[in-house]
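Worksheet: one structure, shown below.
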Amino acid sequence: MQTNQLILLFSGALLVLGLIAFFMGRAKAAKVRASGTAMYAQPDQYAWFAALATAGPAVAVGAIGAFALLLMGANIPTPYLLAASLVVAAGGMMVAMTQVRPDFHARKAIERTIRFILAGAAMISIFTTFGILISIISEAIRFFQMQSFWDFITGTTWNPGASFLAAAGRAEEGATAAQFGSVPLFAGTFMITLVAMLVAIPVGLMSAIYMSEFAPTKVRTVAKPMLEVLAGIPTVVYGFFAAITVAPLVVSVAGMVGLEASYSNALAPGIVMGIMIIPFISSLSDDVINAVPDSMRQGSLALGMTRAETIKDVVVPAALPGIISASLLAISRAMGETMIVVMAAGMRPNLTANPLEDMTTVTVRIVAALTGDQEFASAETLSAFALGLVLFVVTLTLNMVSVIMIRRFREKYRSNNL
Amino acid sequence: MRQSFDDISAQLKGRHRKSARLKWMSMGALGLAGLFLVFFFTDMLIKGLPAFQQAQVQVQVDYNEMAQDIPLAAVEEDVRPLVSRGYLRLIPGRMEDNPDLLGTTRMEWVLADGQVDQYLKGHHTNLSASEESVVDELAAEGRAELKFNTNFFTRGDSKMPELAGIASAAMGTVMTLLVTIAVAFPIGVMTAVYLEEFAPDNRFTQMIEININNLAAIPSILFGLLGLAIFINFFGVPRSSPLVGGLTLALMTLPVIIIATRTALRSVPDTIRHAAFGVGCSRWQVVRDHVLPVSMPGIMTGSIIGLAQAMGETAPLIIVGMVAFIPDVTATFTDAATVMPAQIFTWAGEPDRAFTEKTAGGILVLLTILIALNATAVVLRKKFERRW
């Protein structure tokens, strides 16, 4: 029988066993109670306990067996494993039946189990982080066994070249050795991030200042959803827009001033990415500017400063840690952004300071390395994991610094409860 | 006084002018964002609305003997390059299913070739001058028209732009999101309930919370790497399937649902919990019967917003392989599938210019669904939110 049908059969059998346990448990408990004895729990709770005691061990045995199969390659045929689980279920049912007695705290037992399940669910997020770390680090280590780490960090030529031939054992004499210097890739990422920040930070910060200081309530109720719409547009749509509309626009504007721009220039994805990030900066800045105590504003106005001077010299410096934290989060988001650059930026590693040239970024190379037709163990494919590792470390650092800054900002203004 | 009264007045006027300038500049910044939004939607509509129309031509279709083997023989020679090859390929099958067709000749509206469609919409095409004149003649006679493009909504991907549709991608999105919700919603709500109601306030709990906040900020492509290395290579989940895509997206949506559920749980006032404890409920009974039902609208709203975010994700799904060419609309969890954003990505990379409008049309459909989802979430929140 196929695995899918087996699993369906197993689930069906377990369900039936669980139902039998439930009704039998409830019947027995009701009988004991009807005879006049006081019990520590309700009949329904004894019933749930019986059902849990039947299903729980069976699922646990099945899961352990599945993990043994995967991790240690133990050769347990699936039908035997499922049959063993069902036997355990039957055993559990009999144990549960003996526990249906007046002095057994069924409700406490159930709630202990539920608490354990909830804690297990909370552990899944930890497993996810570990999963990401393990998957990226293990493959990156395989890459760094093939290539030098120092060359990867400081090399200025990214040319995977014939690395897949070398992995297949058919490297020719005289072919150029593959070079994996990642500096051009990070330069491309930084250039596009810089353009994005030059667009996002002024517009986002000024929008936040307007919405929190000057805007009437009606404008706020319209502007906030509008910015949320900006944040909700999928990045692949932004990428299409950047490639089809913005890039030709940049080329023609550059042509008008006499400069030559490539159709895969870095300005188009940078500008569109900046627009995508405006809502992040504006909503976070809005929150911190509103969190600055009103007493500071009123004190400054009472001294005779105009509104603009109050904002520039009192409010914004007070909110500065929060604004910087928002900017760091935005930078981390821009560096990890994939779809806009895959669709609008170029494929050629290019170490240059001219945003009108085509250049490629870290995320584009990760996608290209993993969706090409190289064998999985070749250096080019594994380079994707090495790049992913550096990207992970950089974004994690930015996020942690940002969180620390916002926490210090909150601490500073928590005591001012005027 | 060192400064005269007039000097001070002038200085004050300058400062007030600067203040007004700041107000207008900040208003301008907000207006700029709004202007971009208008520009963007207008551009998408202009590029995408033509995709909902497809050219058809009315030609004489001759179901003769030769047409059973060589479908090209069913139409006259001058209109042969104008009819869609996809339509012609179906003729032998139709003649087999319906033997009465043999020997008849009918005037039918048939799907035109992609180049004819682009020509009628005013774009530059590869049609030769003679073919263009034939099309012009047909259009003048009313036999070449742009009709509503039902293929776009009923067919899957195709190499011929006139037949390309998003049905297979839409089905793939539905399946993937089903897996995502089935995995992320229970685990997310259970985690949030544990962290909010049951967890003791120690270092371990703080570590879990820091972990969840970090997960929310990890670039999406790294989840793709996780899906590739662990789900596909280690657990052996079939590549390109909605199962692996759904699992990857579930891990991405988990922090969003957890944070939204925690906010909803926190907004339930403590008085409700204390009252429930006061009548003798155990902690789980308090949560199950008193806190959770009250906070359910907030949890649902957060989940819908998380679902909308997951729907637009492309990068991790590309890494786990969901960019296959899927012409048929299949509905299993383990066969290769694609999702709407990935379909848009694939079409955007096609060299044929006719696919540009298909891409924009797909974008319009995706944006409509997302706006509908978000509007549902907002309406739900307004209708069921309780102010304590």
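Report yes if some residue within segment B:52-71 is under 28 Å from A:Leu230 (Cβ atoms), touching a helix residue (DSSP H, G or I) at 6+ places or on another chain (Cβ under 9 Å) and within 14 Å of chain A (Cβ to nearest Cβ); otherwise report no.
no
Report every pair of residues separated by at least 6 positions or lying on different chains whose Cβ atoms are under 9 Å apart, first residue within segment A:180-207 and farther than 15 Å from A:Thr360 by Cβ, second acidic (Asp, Glu) and modelled with pLDDT under 95.
Once the first residue is farther than 15 Å from A:Thr360 by Cβ and sits in segment A:180-207, its partners that are acidic (Asp, Glu) and modelled with pLDDT under 95 give A:Ala196/A:Glu337; A:Ser207/A:Asp286.
Please go through segment A:273-306 and give me each residue that is within 12 Å of another protein chain (Cβ to nearest Cβ) and over 28 Å from A:Met197 (Cβ atoms), ordered by number.
Residues satisfying the conditions are A:Leu301, A:Gly304, A:Met305, A:Thr306.
Looking at this structure, is B:Leu195 more than 10 Å from chain A (Cβ to nearest Cβ), surrounded by 20 or more Cβ atoms within 10 Å (Cβ to Cβ), in contact with an Asp or Glu (Cβ under 8 Å, 6 or more places away or on another chain) and assigned to a helix (DSSP H, G or I)?
Against the criterion (more than 10 Å from chain A (Cβ to nearest Cβ), surrounded by 20 or more Cβ atoms within 10 Å (Cβ to Cβ), in contact with an Asp or Glu (Cβ under 8 Å, 6 or more places away or on another chain) and assigned to a helix (DSSP H, G or I)), B:Leu195 does not qualify.
Regarding segment B:375-386, can at least one residue be identified that is among the hydroxyl-bearing types (Ser, Thr, Tyr) and closer than 27 Å to A:Val342 by Cβ?
No, because not a single residue in segment B:375-386 is among the hydroxyl-bearing types (Ser, Thr, Tyr) and closer than 27 Å to A:Val342 by Cβ.
Inspect segment B:301-321 for any residue being more than 25 Å from B:Ser158 (Cβ to Cβ) and hydroxyl-bearing (Ser, Thr, Tyr) and give the result as yes or no.
Yes, there is a match, as at least one residue in segment B:301-321 is more than 25 Å from B:Ser158 (Cβ to Cβ) and hydroxyl-bearing (Ser, Thr, Tyr).
Do you know which of the residues in segment B:302-328 that are away from every other protein chain (no Cβ under 13 Å) and modelled with pLDDT of 90 or more is nearest to B:Thr180 (Cα to Cα)?
B:Ser303
Go through segment B:252-274 and give me each residue that's more than 39 Å from the chain's Cα centre (by Cα), in contact (Cβ under 8 Å) with a residue 12 or more places away in the chain and either within 13 Å of another protein chain (Cβ to nearest Cβ) or surrounded by fewer than 17 Cβ atoms within 10 Å (Cβ to Cβ) (or both).
B:Ile272, the sole residue that qualifies.
Condition (residue is closer than 27 Å to A:Ala41 by Cβ, within 14 Å of another protein chain (Cβ to nearest Cβ) and touching a Phe, Trp or Tyr at 6+ places or on another chain (Cβ under 8 Å)) applied to segment A:99-106: is it met by at least one residue?
Looking through segment A:99-106, at least one residue is closer than 27 Å to A:Ala41 by Cβ, within 14 Å of another protein chain (Cβ to nearest Cβ) and touching a Phe, Trp or Tyr at 6+ places or on another chain (Cβ under 8 Å).
For every residue, the table says whether it meets (1) farther than 25 Å from B:Trp347 by Cα; (2) in contact with a strand residue (DSSP E or B) (Cβ under 9 Å, 6 or more places away or on another chain); (3) without any contact (Cβ under 8 Å) to a residue 60 or more places away in the chain.
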| residue | (1), (2), (3) |
| --- | --- |
| B:Ser130 | yes, no, yes |
| B:Ser133 | yes, no, yes |
| B:Leu138 | yes, yes, no |
| B:Leu146 | no, yes, no |
| B:Leu163 | no, yes, no |
| B:Ala167 | no, no, no |
| B:Met175 | no, no, no |
| B:Val183 | yes, no, no |
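State whether one or more residues within segment A:294-301 are in contact with a Leu (Cβ under 8 Å, 6 or more places away or on another chain), surrounded by 18 or more Cβ atoms within 10 Å (Cβ to Cβ) and modelled with pLDDT of 90 or more.
no
Give segment A:241-269 a look and list any residue that's over 20 Å from B:Ala33 (Cβ atoms) and at the interface with chain B (Cβ under 8 Å from one of its Cβ atoms), or say none.
Across segment A:241-269, the qualifying residues are A:Ala243, A:Ile244.
Only residues that are farther than 21 Å from B:Pro238 by Cβ, surrounded by fewer than 19 Cβ atoms within 10 Å (Cβ to Cβ), over 15 Å from the mean Cα position of the chain (by Cα) and within 11 Å of chain A (Cβ to nearest Cβ): list them for segment B:329-374, please.
Across segment B:329-374, the qualifying residues are B:Gly349, B:Arg353.
Since A:Val253 meets every condition but one in (1) surrounded by fewer than 16 Cβ atoms within 10 Å (Cβ to Cβ); (2) under 20 Å from B:Ala29 (Cα atoms); (3) more than 30 Å from the chain's Cα centre (by Cα), which condition does it not meet?
Failing condition for A:Val253: (2).
Quick one: which residue in B:Leu243, B:Leu215 is within 21 Å of the chain's Cα centre (by Cα), within 21 Å of B:Ala182 (Cβ to Cβ) and part of a helix (DSSP H, G or I)?
Result: B:Leu243 is the single residue among B:Leu243, B:Leu215 that is within 21 Å of the chain's Cα centre (by Cα), within 21 Å of B:Ala182 (Cβ to Cβ) and part of a helix (DSSP H, G or I).
Taking segment B:46-84 on its own, how many of its residues are assigned to a strand (DSSP E or B) and under 30 Å from B:Ala360 (Cβ atoms)?
8
So which of B:Phe231, B:Phe153 is buried (at least 21 other Cβ atoms within 10 Å of the Cβ), touching a residue at least 12 places away in the same chain (Cβ under 8 Å) and part of a helix (DSSP H, G or I)?
From the options B:Phe231, B:Phe153, the qualifying one is B:Phe231.
The values are calculated or read from the model by the stated rules, or taken from the named source; none is laboratory data. Owing to the predicted nature of the structure, the values given are computational and were not obtained by experimental measurement. FYI the Cβ positions are ideal-geometry reconstructions off the backbone, even for glycines, and counts take in every protein chain you see.
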